[in-house]
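Here's the structure, in structure tokens; my notes come after.
The values are calculated or read from the model by the stated rules, or taken from the named source; none is laboratory data. Since we're looking at a predicted model, the values are computed, not measured. When we count neighbours, we look across all protein chains shown, and the Cβ atoms used for this are built from the backbone with ideal geometry, even at glycine. Ligands, DNA and RNA are stripped out before the accessible areas are found, and what is left, the full protein with its side chains, is counted by its heavy atoms. Shrake-Rupley method; radii C 1.70, N 1.55, O 1.52, S 1.80 Å.
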Amino acid sequence: MNQSIDTPKRLEALIDETAQGAREISHSVIDETEKKVLLLKIKKLLTTQNAVLVAHYYVNDELQDLADATGGTVADSLEMARFSFEQEAATVIVAGVKFMGETAKILSPKKRVLLIENEAECSLDIGCPIDEFSTFCDQHPDRTVVVYANTSAAVKARADWVVTSSIALEVCTFLKEKGKKILWAPDRFLGSYIQRETGADMLMWHGSCIVHEEFKAQALEQMKKEFPDAAVLVHPESAASVVHLADVVGSTSQLLAASAELPNKRFIVATEEGIFHKMKQASPEKEFFAAPTAGDGATCISCAQCPWMKMNDLQRLYNVLKTGQNEITIDEKIRVQAEVSLKRMVDFAREHIHPTVKVTGNA
């Protein structure tokens with residue numbers, strides 16, 4: 001079974017409105033001298049406040065480099081939360097989006113968790129509100145509820161499992177072997193990919209990532225002809241027609257590893273372009289091209305950029321450190337319930353697997 005529930009039009013409109021607001025946010029332009037002064041101030045505040053900066057692969061290069069330079073990390077959402085939990089720092093600064101800050105707080109309740117930009121959202125999170133999702137779950141009590149990490153703390157609390165793209169296949173395979181039927185949310189493309197690969201009985205929420213859903217198969221086929229020696233790296237939040245053209249399908253960390261390990265000198269990458277920074281650092285001799293997000297004569301909405309990730313910048317980081325604003329708070333009952341679902345995944349990963357990339361082509 002592979003069924004899904006459609007996203008209400010009002011949620012689609014809210015996602016579009018919120019994304020447009022993120023695109024319109026202003027960023028101060030500063031010269032190199034001002035930037036050096038700002039970086040020194042930020043580093044001093046991180047030290048005096050016993051704070052650590054954790055950044056996602058999709059934020060800008062400056063924040064990624066600063067996280068690396070100050071003892072923080074640049075990683076996917078799960079590793080960001082796990083790193084935050086393992087650090088002795090009293091304060092965690094999250095360069096990413098809201099659900100990432102919540103995930104860090106769920107696993108580190110005694111730490112102060114600050115989000116650089118409080119309005120940094122995610123289309124998957126917005127498109128899966130807890131009231132509608134809880135009703136959907138109640139209508140299917142025979143199913144094991146598995147939700148993607150790109151969801152609110154409340155949705156995680158309603159789930160039996162929380163998974164990231166790097167472990168979703170393994171968890172759903174495990175559940176299928178146990179004879180479990182799955183209720184999946186919110187990304188329908190990732191859910192469909194998992195269903196195809198595992199054959200699991202899955203009932204799906206109908207959400208999507210506004211970045212990954214825009215990659216176009218026809219344009220990608222043409223690009224492959226232009227660069228026949230290039231390996232195609234695709235995140236599984238993309239449409240099935242795009243995934244079908246991939247040499248490697250995997251999470252952000254898995255695609256990064258593939259770009260370094262494969263012998264190809266060129267890569268076409270179908271995920272948010274922020275990952276290029278780490279790919280180029282790991283393999284400076286290689287070339288990376290963004291997969292096309294629109295066909296001939298068409299226009300793109302995201303153009304391989306997450307508008308909410310791009311809200312994060314150095315000035316906002318400095319302001320958060322100065323003021324202590326944008327602190328993540330979660331109702332304790334919800335946090336405890338969400339922690340159970342998250343730790344179930346973390347324990348599974350520790351005990352059962354070492355996630356690897358799925359090579360589907362000749363790369």
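Annotations
- Evaluated at q = 0.12, 0.19 Å⁻¹, a Debye calculation over the C-alpha positions of the stretch 137-242 (equal weights, vacuum) places log10 I(q)/I(0) at -0.44, -0.92.
- Taken along the Cα-to-beta-carbon direction at a fixed 7 Å, the label points for residue 142 and residue 33 span 7.2 nm.
- GNM top mover of 76, 247, 347 - the chain, alpha-carbon springs below 10 Å: 347
- Theoretical ellipticity at 222 nm over the chain - DSSP helices of four or more residues, -39500 (n - 2.57) apiece, nearest 500: -13500 deg cm²/dmol
- Label zone at residue 222, where the point sits 7 Å out along the Cα-to-Cβ direction: the stretch 244-273 residues whose backbone N lies under 18 Å: 245, 268-270
- Value of Rg to Rh for the chain, rounded to two decimals, is 0.95; Kirkwood radius and Rg both from alpha-carbon coordinates.
- Gap separating the Cα centres of the stretch 77-128 and the stretch 16-36, nearest whole Å: 21 Å
- Accessible carbon and sulfur surface of the chain relative to its total accessible area, %, 1.4 Å: 48 percent
- For the options 319, 118, 60, a Gaussian network treatment of the chain with springs between C-alpha atoms closer than 10 Å singles out 319 as fluctuating the most.
- A simple spin-label model places the labels of residue 48 and residue 352 4.8 nm from each other, with each point 7 Å out along Cα-to-Cβ.
- Accessible area expressed per residue, the stretch 101-184, with surrounding protein chains retained (probe 1.4 Å, Å²): 33 Å²
- Within the chain, the longest segment free of exposed loop sites, counting trypsin sites (Lys or Arg not before Pro) that fall outside DSSP classes H, G, I, E and B and have at most 15 other Cβ atoms within 10 Å, spans 1-109.
- Eigenvalues of the alpha-carbon gyration tensor of the stretch 175-294, scaled by 5 and square-rooted, set the equivalent ellipsoid semi-axes at 28, 15, 13 angstrom, largest first.
- Computed FRET value (nearest 0.05) for residue 119 with residue 266, which takes r as the C-beta separation and R₀ as 51 Å: 0.85
- A Cβ-based charge dipole, computed about the Cα centre of the chain with Lys and Arg at +1 and Asp and Glu at -1, lands at about 740 debye.
- Considering only 282, 252, 194, the residue lying farthest towards the positive end of the dipole of the stretch 169-283 is 194, judged by Cα position with unit charges set on Cβ.
- The stretch 4-82 - accessible surface per residue (Å², probe 1.4 Å): 54 Å²
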